[in-house]
Every structure is written in C-alpha cells, then in structure tokens.
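Colleague: The structure is given below, and queries will be raised subsequently.
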C-alpha cells in the first residue's frame, strides 16, 4: 500500500471519523458556551453532550469482556447515583449542595446523567493509565489524582453553569 493510501485509510477509520465528529461537536459547544448570545442555549445541551459522550464511549469500547464492562457500568452508575442522592439529601458526604437545571432530568433531586458521568470519568482515567507500565497501586493513585484535579476545576465553573451549587459560600 502506498503512503497516500495508508494516509487515506487512516482518515477513513471509524475511530478517526468518530473522533473528528466529537471534536467538531465539542468545539461548536465550547464556542456556543463562550458567546453571550448563545450561552444559555448551549448550557441546556449539557446533558445531551454528556449522554452522547457516554454512548460513544460504550459503543467504541473494544474489550473482549463486554459483560464485565456492563457489570462495571451498572455498579458505578448505581453506586455513584445513590451516593449523590444521599449527598444531596443529607449534606453529610460532601457538604450541603444541590443540583441546578443544566444537568437535565432529576430523580430525587439528582440528575439521572450523574451516574453515567461518573462511569465516563472512571473509564477514561482507567483507559489512559492502562496504557502505562506502572504498577496497579500507582495507576489507582494517579487515576484518583486526575479525578480530583478534574473535580477541583469543575467546582469553580459548575455553579456559574447552573450544574450544582454549594449552600456554603466556599467550595469544599
């Protein structure tokens, strides 16, 4: 196969096509959120963007153990959703907080998408670190650190995006 054909084949793969489409989708979303005239409209699309990301991730997983993946998905979804429900209703786990409207439909004052979002975060951090040659303990520590850093960043912008807010002035 010639160099030109290899380049063309690369750009025609399903994964590349999906990656390009997602990059366009999220770039449009980012620009839409940054423009004052379209900000509120694009913020309302947040649950759709999270759901789309989750679906693409689930469909593009190439592991041979599909049943195991589904079991992990259900475990993480149900556990994280239950923890978030308990957190919202008691304030004991994370402090007193509530969810806004930009994460979509809620059950027990908790967005249904939140469990899928937690699965997405766990899966992506695990997938990134799986490629490294670190031992399991180090992978777990780095995955936890990555999710903590993500959370610290989100805590700064989530209230402004009406995703969630804390009853206290300071973010915990």
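The values are calculated or read from the model by the stated rules, or taken from the named source; none is laboratory data. It should be emphasised that the depicted structure is a prediction, and the values quoted were computed from it without experimental measurement. Ideal geometry is used to build each Cβ from the backbone, glycine not excepted, and the neighbour counts take in all protein chains shown.
Colleague: Report whether or not residue 91 is more than 23 Å from residue 18 (Cα to Cα) and at pLDDT below 85. Even if it seems obvious, please write down each step before you answer.
Modeller: Values: more than 23 Å from residue 18 (Cα to Cα): yes; at pLDDT below 85: no.
No.
Colleague: Kindly evaluate residue 59 against the criterion of being modelled with pLDDT of 95 or more and closer than 19 Å to residue 48 by Cβ.
Modeller: Spelling it out, it is not the case that residue 59 is modelled with pLDDT of 95 or more and closer than 19 Å to residue 48 by Cβ.
Colleague: Is at least one residue of the range 149-164 under 20 Å from residue 72 (Cβ atoms), outside any strand (DSSP E or B) and out of contact with any strand residue (DSSP E or B) (no Cβ under 6 Å at 6 or more places or on another chain)?
Modeller: Within the range 149-164, one or more residues are under 20 Å from residue 72 (Cβ atoms), outside any strand (DSSP E or B) and out of contact with any strand residue (DSSP E or B) (no Cβ under 6 Å at 6 or more places or on another chain).
Colleague: Going by the structure shown, is residue 85 surrounded by 14 or more Cβ atoms within 10 Å (Cβ to Cβ), assigned by TED's automatic domain parsing to the domain that holds residue 151 and over 16 Å from the mean Cα position of the chain (by Cα)? Write out each step before concluding.
Modeller: Values: surrounded by 14 or more Cβ atoms within 10 Å (Cβ to Cβ): yes; assigned by TED's automatic domain parsing to the domain that holds residue 151: yes; over 16 Å from the mean Cα position of the chain (by Cα): yes.
Answer is yes for this residue.
Colleague: I've got another one for you. Any idea which of 126, 143 is modelled with pLDDT of 90 or more, under 24 Å from residue 66 (Cβ atoms), outside the structural domain of residue 40 (by TED's automatic domain parsing) and within 17 Å of the chain's Cα centre (by Cα)?
Modeller: Step by step, each of 126, 143 is checked, and only 143 is modelled with pLDDT of 90 or more, under 24 Å from residue 66 (Cβ atoms), outside the structural domain of residue 40 (by TED's automatic domain parsing) and within 17 Å of the chain's Cα centre (by Cα).
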